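The values are calculated or read from the model by the stated rules, or taken from the named source; none is laboratory data. Note that the structure is predicted; figures quoted are calculated from it, not measured. All Cβ positions, glycine included, derive from the backbone under ideal geometry; neighbour counts span all protein chains shown. The protein model used for the area step is the full one, side chains on, heavy atoms only, and it has no ligands, DNA or RNA in it. Shrake-Rupley method; radii C 1.70, N 1.55, O 1.52, S 1.80 Å.
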Amino acid sequence: MAILPTSRTLKPLSALIKVEIRAKNRILCYLYGLGAMCTPYVYLVCENPSAIIECRSHISNQKSLIDMAGHSKWANIKRQKARVDAVKGKVFARISREIIVAARSGVPDPAGNFQLRTAIEKAKAADIPNENIERAIAKGAGLAGGSSELEAIRYEGYGVGGVAILIEALTDNRNRTAADLREAFSKNGGNLGETGCVGWMFDHKGVCTVRGPIDEEKLFEASLEAEAESYDLISIDEDTEGAEVFTSVPNLEKLADVLKQTGFAVLQSETRWIPSNTVEIDTPEKARSFLKLMDALEDLDDVQSVTANFEMTDELMSSIMI
């Protein structure tokens, strides 16, 4: 019998670090962060829900950093920014490219194509209209006008302090993408490296995110049945608990199916790069420079995901937030 390690990370707001986000002498919202030894999830608490976009925008302008390990840190910042990004069209474009590639690499039917099925689920979670989804599937299958020749490429490089960075891109022009990445790195204190220069520092894993409430005994049994490697209890948002279940990439479809059959609500199935070691960012200057680089990489049209192996202390996080 395999024993799956778990970390309990559901904590009341009173146990978290609280930071006020201010603009023009008024409080926009409060940001709550977990300690360095906990799974890195952040609560954004706003008195007026209609002000949530303003709050996120102000936090971004302040180049705020959240105390968490790099592989989850940037993924969670992206969750925090997802609604704003969707308004800008960034999420729509990126997920549409995923659908095109998935439809091209297999049958254009989600019932027989797990990669396409998960891309469509992600699109629906981001409120992408059905006609956009159907158009992307048709384009990937070669049934619509326009080129569908998107190529998946992984780039690697270094940020400030030697932090390792992995970038996954979908592009129809690899020369353009490489040039854009090289410029983003060079302008923000980093270096675009050769293939393999940092990839060995990361493990590629499949991850299923499920929404609660979570019966941990039931989750444990389902994880064993699906041959998962580990799971973490998390908070999806302030009022919703959940869990992340990790497995090998080839086993991701089986894990998702078993979790659904067991009665869990699978929010997302994805692959993720998990660092085997981390580099600490220990000064405000390095932190600001690094976040600027990550933002620059994320803003490139061809970039699908960015992962880095960094972490920082609660004290540094607080100093950046001020």
Once Lys and Arg are counted +1 and Asp and Glu -1 for all other residues with Cβ under 10 Å from that of K254, the total becomes -4
Treating every alpha carbon of region 99-177 as one equal point scatterer without solvent, the Debye formula yields log10 I(q)/I(0) values at q = 0.13, 0.16, 0.18 Å⁻¹ of -0.49, -0.68, -0.79
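What do you get for Rg/Rh over region 272-322 if you use C-alpha atoms and the Kirkwood form of Rh?
On the way: Rg = 12.3 Å, Rh = 12.2 Å.
Result: Rg/Rh = 1.01.
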D127 and A152 label points (each 7 Å along its Cα→Cβ direction) are spaced in nm at 2.9 nm
Taking Rh as the Kirkwood radius computed over alpha-carbon pairs of region 181-228 and applying Stokes-Einstein at 4 °C with viscosity 1.567 mPa s, one gets a diffusion coefficient in µm² s⁻¹ of 88 µm²/s
Between the alpha carbon centres of region 86-125 and region 144-215 the gap in Å comes to 18 Å
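State the extension gain, in nm to one decimal, for the chain segment bounded by R176 and E238, taking 0.36 nm per residue of separation less the distance between their alpha-carbons. Write out the running numbers ahead of the final one.
Values: separation 62, 0.36 × 62 = 22.32 nm, distance 4.07 nm.
Using 0.36 nm per residue and subtracting the Cα-Cα distance, I get 18.2 nm.
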Output ordering of 193-205, 93-105 (per-residue mean of other Cβ within 10 Å, highest first) is 93-105, 193-205
Probe 1.4 Å, all chains present, heavy atoms only: R176 accessible area in Å², nearest 10, is 90 Å²
The simple spin-label model distance between R288 and E183, using points 7 Å out along Cα→Cβ, in nm, is 2.5 nm
Ratio for region 170-296, C-alpha Rg to 2.2 N^0.38 Å, reads 1.35
